[in-house]
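Everything on this sheet refers to the single structure shown next.
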């Protein structure tokens, strides 16, 4: 039990390593979407996959959470399991959580993968992000139609009357976490797919500017989920960052 919630996590142990990689994945994702990466990296380092509250097999909160509630949940998890020599990797929504945790001296390294956390100024990106989560498909439309769809999403009865997790999404989708970036002192690797339409490469470059001791690596031909679209290259970059050999 973490934060009074039944919590599901999976450990992929490595007998020859004292280091651990904790992966915090994106909104609506679960352990299965990261299994391939975890299995490969566990040949060199202990890997831990954690289902966040409301996703996978971890219990859903009874009320809508803020992003800081998720960060508190993961912090409690880290301390309860006494995780040390820790690298935190956050993808998309998980990156938001990682940004809050990194300045708290909970990890030795940070990896951000197509991470959320900076202001989303592009209307198209906002609509794609919102529509993805509320289940409304978006095709190639004119800016005027984009605006109409965005307004429809925000005022629709379905959206307003949605369950706890959708209300949580509304709370966490747009907050600007830029202030946390300047407090990060651990070495940080930023990995980004150049074809990410949800969070463009501009976000990656901005993170690089804001976070001291950070390195940006671009995975060409990948979108918002480079670990699924280009898994071999993705795993290669992680191994390089952690300075571990595949053999």
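FYI, it's all coordinate maths here, none of it is from the lab. As the structure is a computational prediction, the values presented were derived from the model and not from experiment. FYI the Cβ positions are ideal-geometry reconstructions off the backbone, even for glycines, and counts take in every protein chain you see.
Using only the Cα atoms of region 175-247, build the gyration tensor, take square roots of its eigenvalues as a ≥ b ≥ c, and label the shape rounded, prolate or oblate: rounded if a/c is under 1.5, else prolate if a/b is larger than b/c, else oblate. Here region 175-247 falls in the oblate category. Which shape class applies to region 1-92: rounded if a/c is under 1.5, otherwise prolate when a/b exceeds b/c and oblate if not, where a ≥ b ≥ c are the square roots of the Cα gyration tensor eigenvalues? It is prolate, given that a/c is not under 1.5 and a/b is the larger ratio.
Look at the alpha carbon pairs under 8 Å that are at least 6 residues apart: their mean separation over the length of region 1-124 gives a relative contact order of 28 percent.
Subtracting the Cα-Cα distance of residue 164 and residue 18 from their residue separation scaled by 0.36 nm leaves 48.7 nm.
Answer rounded, prolate or oblate for region 17-58, using the Cα gyration tensor with square roots of eigenvalues a ≥ b ≥ c: rounded when a/c is under 1.5, else prolate when a/b is larger than b/c, else oblate. Prolate shape, in that a/c is at least 1.5 and a/b is the bigger ratio. Per-residue packing, averaged as other Cβ atoms within 10 Å, sorts the ranges 28-35, 192-199 into the order 192-199, 28-35, beginning with the highest.
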